[in-house]
Amino acid sequence: MPRTDCEGFHRRDFLQVGAAGLLGLSLPSFLAAEAKAKEKGTDNPKAKAKSVILVWLAGGPATIDMWDTKPDAPEGIRGEFKEIQTKAAGVRWSEHLPKTAAVADKLTVVRSLYHTIPSHAPATVFMTTGNKPTAALQYPSLGSLTAKMLPTEVGVPPYVTFVDLRGGAAGQAGYLGTGYNPFIIEGAGGGRNAANFRVRGITLPNGVSLDDLAKRDRLLTSFDDSFRQIDKNNDLVDGLDTFHKQAIEILRSDKTKKAFDLASEPASVRESYPATPFGQGALAARRLVEAGVRFVTVGIGGWDTHRQNFDSLKTRLLPPLDQTLSALIADLDNRGLLDSTVVMCAGEFGRTPRVNKTAGRDHWARSMACVLAGGGFKRGYAHGTTDASGMAPATDPVTPDDVAATIFQQLGVRHDTELQTPTGRPVQLFREGKVVEKMLG
């Protein structure tokens, strides 16, 4: 398969789920693990947000050419793009993000984000878990933490992803166990109706009806003894009999199926999103959080611009991001969902302030930016600054674990909450993160 970045990362081949997995192991194991570990209850009444949509820019976007432009820097740093005024007073950014500039009054741009890991895989782990990677422990993704810490409506998955995050365990459940891994969206999802989207484990295969499902259910029941033997050797299927019925109920539920019926959206809304997998995935993400899903990851790759950075940005990368992100934020706001949904747009690191000999920018983690919207984050706000050359934060520095801690406070979960590993080791949610109150409204 083709490489996706300069470090030779290949997309993982996820385990295929056959009939036995569909009805016996996959979804029931999710439910079993959740029921064993999750505290039952309702949303925290102090929470400002209920859901998160992560817009992931894989490869490391050149945020110095996007959200933190340096028009007064020397020629070898400032780049080729002009600045434009956004709808947020005093906030200016790249001319190639005009649609997002028109909704800048609804978001926070964090210009002082930084860390010290300029390598794709571990940087992705840090950004998507809120914990610096360590060989001693695999930390759970933010999505997996929401699946564990927040109750989810019956009939919908808690954590859904449209993208395969690099970094081995990135995007996965880590020490929480596979019961909190994401439900994976398969298929291109092109066009305006997302007819090719499939949710692994909770979508019936083509040609399988609910009657067929019932027949397979009866057949599976006849194999109880075999599954009990499996249960002795695999904690993931503990309680299979108890949770099998719940798996069937989710498979029969219309909630997730309806969320993917993009054709039911008004034409004006559908057409505001690009007719691409990324664009339609973002629309589906909005519908999924509306249906009760807690965390959705969508994304677009190709941001590893060591060569021809400016041409790649203005022709291939920024136009779809600009249209999709602006449409998502406006759509959530128009439907009254932005106040309860955090949107985070980020990649694993930024890129060098100095332009290289091939008109590209290389890996740079010591200064980067991200966008946060909704869920109680300030509207029309730019947080922090970098120095005149964009080399490092100058004011109000923020780290990935600070961002994670702040998001989870908005979800009603304290950042210093302790969880336990399977061996009983207590682990704080975010070891070093702190809530950044200045970013909150």
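Structural remarks
- From the options D72, D65, residue that is touching a strand residue (DSSP E or B) at 6+ places or on another chain (Cβ under 7 Å) and modelled with pLDDT of 95 or more: D65
- Filter pass, W67 being assigned to a loop (DSSP other than H, G, I, E, B) and open to solvent by less than 20 Å² (accessible area, probe 1.4 Å): yes
- Residue that is nearest to S389 (Cα to Cα), among those in the stretch 321-379 that are in contact (Cβ under 8 Å) with a residue 60 or more places away in the chain and among the β-branched types (V, I, T): V355
- Some residue of the stretch 333-351 being touching a Pro at 6+ places or on another chain (Cβ under 9 Å) and farther than 21 Å from V109 by Cα: no
- Filtered residue count, the stretch 270-312, keeping only those that are of a type in the set (A, V, I, L, M), open to solvent by 30 Å² or more (accessible area, probe 1.4 Å) and over 16 Å from the mean Cα position of the chain (by Cα): 1
- Residues that are charged (D, E, K, R) and not in a loop (DSSP other than H, G, I, E, B) were ranked within the stretch 255-269; the one that is least open to solvent (accessible area, probe 1.4 Å) is K255.
- Scanning the stretch 128-141 for residues that are open to solvent by 10 Å² or more (accessible area, probe 1.4 Å) and not basic (K, R) turns up P133, T134, A135, A136, L137, Q138, Y139.
- Within the stretch 324-340, not a single residue is closer than 15 Å to V403 by Cα and modelled with pLDDT of 95 or more.
- Take the conditions (1) open to solvent by 40 Å² or more (accessible area, probe 1.4 Å); (2) of a type in the set (V, I, T); (3) closer than 25 Å to G177 by Cβ; T116 misses just one of them, which is (3).
- Check on R361, of a type in the set (K, R), assigned to a loop (DSSP other than H, G, I, E, B) and open to solvent by less than 30 Å² (accessible area, probe 1.4 Å): yes
- In summary, R366 fulfils each of the numbered conditions (1) under 26 Å from P151 (Cα atoms); (2) open to solvent by 10 Å² or more (accessible area, probe 1.4 Å) with the single exception of condition (1).
The values are calculated or read from the model by the stated rules, or taken from the named source; none is laboratory data. For clarity, every value in this text was computed on a predicted model and none was experimentally measured. For neighbour counting, all protein chains shown are included, and Cβ atoms are generated from backbone atoms with ideal geometry for every residue, glycine included. These area figures cover heavy atoms from the full protein model, side chains too; ligands, DNA and RNA do not enter into them. Shrake-Rupley method; radii C 1.70, N 1.55, O 1.52, S 1.80 Å.
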